[in-house]
Every structure is written in C-alpha cells, then in structure tokens.
Amino acid sequence: VEQEPHVLVMKAESGLPQAVKTACALVPFASCLCGMAASERKIMFSECIDDRHEIHHENMFPHGHYCIPVISGDLVLGAINLFVKEGHKRDKEEEDLLSSIANTIAGIIERKKTELEKEKLQEQLIQSETLSALGRVTANVAHDIRNPLTVIGGYVRRLNKTILDGTKEKEYAEMIITEVDRLEKILRNVLIYSKHTSPDKEIHDINETVNESLKIYELICKEQSIKIEKSLAALPEIMIDKDKAEEALNNIISNAMEAMPEGGILTIATGKEDIKERAYLKIEITDTGGGIPEENIKLIFEPFYSTRVAGHGAGLGLSICKKIMEDQGGFIRAESIVGKGSTFIIYFPC
C-alpha cells in the first residue's frame, strides 16, 4: 500500500509471466484474492483458479494461492501472495509460518517508516532553526537600512520637484527614486517574512478574491498578449485573511506573467479537494511559460532563492506566499514541466 490507501502496488515478484506482472501491478482492495486478503484482513486460500480470481492470464499454469495480509495495528500495509500447486491443501502450520513472515515484514516496514519520518523531522527542525535565525538577522538589518533609506527617498523626491524636465539631473533623480522605491519594496517583503503576525480572518468567497486580483492584471495581460482563462467552481464561503490571500495570489499571478514574456495563456481555476481526510478549497494558477527545472522546484519557496537575473527581485515572493498560506492553516504546491509551463496551487482549509 503506497499513496492510494486502498490499492495494492506490486513491489517484488519471482517467476511470474510478464502478462501477470502487468495485470497485477495495481490491485484494488476487495479485488481478486490479494485485494480480498487486504480488505478482509485475513488469509485467503484457494487450491485452484476459482471464480474469485478476477485477474489471471489464459496461458498461466494451473495453481492455487495463499494470500496473507501484512498488518500493523489497524493499518493494512500490504499483502504477500504465494503460489502453490493446483490441488494443494490448506495447512495450519503453513499458515502460521506465513503469518509470522508477514508480521516480520510489517515490523520492518514500520521501522523504516519511523526512520524516514525521523529524518524528515530532523530536516524540518534544522530548516526551522535556520529560517528563525535568518528572520531575526534580516529584520534587524532591514530596520537599520530603512531609516537612512527613508531620508534619501524624502530628500531626492523634494529635489526632483525643483529640477527642470529634460535635464540629465532630472533623469538621475528619477532613477534614484525608482531604485529607492525598489529597495523599500524589498525591505517591506523582508519585514513581512521575518515578522510573525496572526491572520485577520473573516468569511469570504475565494472566487471573488480571484476576480478582484485578475482585474488588476487584465490590461497588462492584454498588452503582453496573455489570454486569461477562468474556471471557477461553485464553492462555500470560508474563513480567510482576504488581504493576505490576495497578496499571495497576486504574487503568483505576477510570476506567471513574467514567465510568459512572449505571450501565452494564464489559467485560473478554483475547486475543492480532500487531502488526508481534510477538506480544502484550492486556487490553481497555470502558465504556459518555460517551466522550472525539477531540481529547482524544491528550492523556489526558500527565502532569497530566485530564478530571475540579478537585480530583478530579492527572491522573497514565493517564500512570502508560503508563509501567508501556512499562517492561514493552508499550504502551497508547485508543479512544472520544462518547456510547457508551471502550476501553483494554494490550499485553504475548509
């Protein structure tokens, strides 16, 4: 049993014909003898190919089966399927031996899962401590930089009003103002990322949030030959911090547009999805840009990581989106195919 909770996936075999390996690659619970052993949580036996065999091949040799569930507590981890000769009789000692083997395998699987979970938690703890320290440093630096930057911005804006249009001095002053504005934006993002704030949640319709965000970009998309396609499902209203949700959505839409400098299609879809027995409302933002290499997907949500050229952003946009969603009890996922485009999905707990 892997990602799908009620499907058996063949992990190892010996001596099976290719046709049977293909047919038995995925076996739903309650289907055929293996699936019945898993769903009923007991050993299934047959001394021949009977009507319980939903999966078999016309050229397969005559046979019977022992199908033994691999169980840990209340959890079915898998099944062992042992072929026996046709006419073989059921034997209690054989069943006890096979049950012992299944229990041993269950212990090995659970121990391995525990080890993997421990490694994962250690990685998360190291990352959390690193980001916490980084947040403190960046917050202090941002505060120290913001004061002189505010002074520079204030004076240059006053000077700009007194300089004649068309002069080099005017051009230089406006360039300074542009760069000051960019630095102020970077500092705001740094402070947002490093500061812990509780979301201000109210009842909202996420479809309305999508429509309001798209209005900001409609004209720019038209100018860049980007076609907007919407697919908004009928969804219940939920508790969200609307301003923060819009900030995350705008960030992703802006990135999607930047990924399509020659034009393309921006698709926004909303829907509902159950993940690990919990309901979420989701917004999917898909572009037809160049895509993101697989090795970079895991890095794009880290602070200060950016795929842009130097001087075009501090690499905080997606990390801020991730923080916003986590603060709201949700999360964000990314999928991408190089040459075809990327999809970012933000999930709000329902």
- Rounded to the nearest 500 deg cm²/dmol, what is the calculated helix-only ellipticity per residue at 222 nm for the chain, with -39500 (n - 2.57) per DSSP H run of length n ≥ 4? -16000 deg cm²/dmol
- Would you calculate the separation in nanometres between label points at LEU75 and ILE126, each defined as 7 Å from the Cα along the Cα-to-beta-carbon direction? 2.4
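Over all pairs of distinct alpha carbons, what does the Kirkwood formula give as the hydrodynamic radius of the chain, in Å?
Working: mean 1/r = 0.0396 Å⁻¹.
For the chain, inverting the mean 1/r across all distinct Cα pairs yields 25.3 Å.
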- Message: At R0 = 25 Å, how high is the FRET efficiency between GLU223 and ARG333 if r is their beta carbon distance? Nearest 0.05 is fine.
- Response: 0.25
- Note on the structure: Per DSSP loop assignment and a cutoff of at most 14 other beta carbons within 10 Å, the chain keeps its longest run without exposed trypsin sites (Lys or Arg not before Pro) at 91-194
- Note on the structure: Rounded to whole angstrom, the alpha-carbon centroid of the range 9-54 lies from that of the range 85-117 at a distance of 15
- Going residue by residue through the range 2-16, the Karplus relation 6.51 cos²θ - 1.76 cosθ + 1.60 with θ = phi - 60° gives ³J(HN,Hα) values, rounded to whole Hz and with x marking Gly or Pro, of 10, 5, 6, x, 10, 9, 8, 10, 5, 10, 7, 8, 8, x, 8
- Any residue on another chain or 5+ positions along whose placed amide H is under 5 Å from the amide H of ILE228 is listed here as LEU266
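Determine the alpha carbon to alpha carbon distance for each of LYS112/LYS323; LYS120/LYS323; LYS42/LYS85; LYS118/LYS244; LYS113/LYS201 and list only those over 25 Å. Walk me through the intermediate numbers first.
On the way: LYS112/LYS323 31 Å; LYS120/LYS323 20 Å; LYS42/LYS85 21 Å; LYS118/LYS244 33 Å; LYS113/LYS201 37 Å.
Table pairs above 25 Å Cα-Cα are LYS112/LYS323; LYS118/LYS244; LYS113/LYS201.
What is the gain in length, in nm to one decimal, between ASP181 and GLU93 on full extension, counting 0.36 nm per residue of separation less the C-alpha to C-alpha distance? Walk me through the numbers before you get to the answer.
Details: separation 88, 0.36 × 88 = 31.68 nm, distance 7.94 nm.
Residue separation times 0.36 nm, minus the Cα-Cα distance, leaves 23.7 nm.
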- Item | the chain: relative contact order as a whole-number percent, Cα under 8 Å and 6+ apart | 10
- Computed over the Cα atoms of the range 1-97, the Rg and Dmax in Å are 12.9, 39
- Query: Using DSSP loop states and a limit of at most 15 other Cβ atoms within 10 Å to flag GluC sites (Glu not before Pro), what is the longest stretch of the chain containing no flagged site?
  - Reply: 87-236
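Quick note: the coordinates plus some simple rules give every number you see, no bench work behind them. Note that the structure is a prediction, hence the values are computed from the model and not measured. Reconstructed Cβ throughout: ideal geometry from the backbone, glycine too, with neighbour counts over all protein chains shown.
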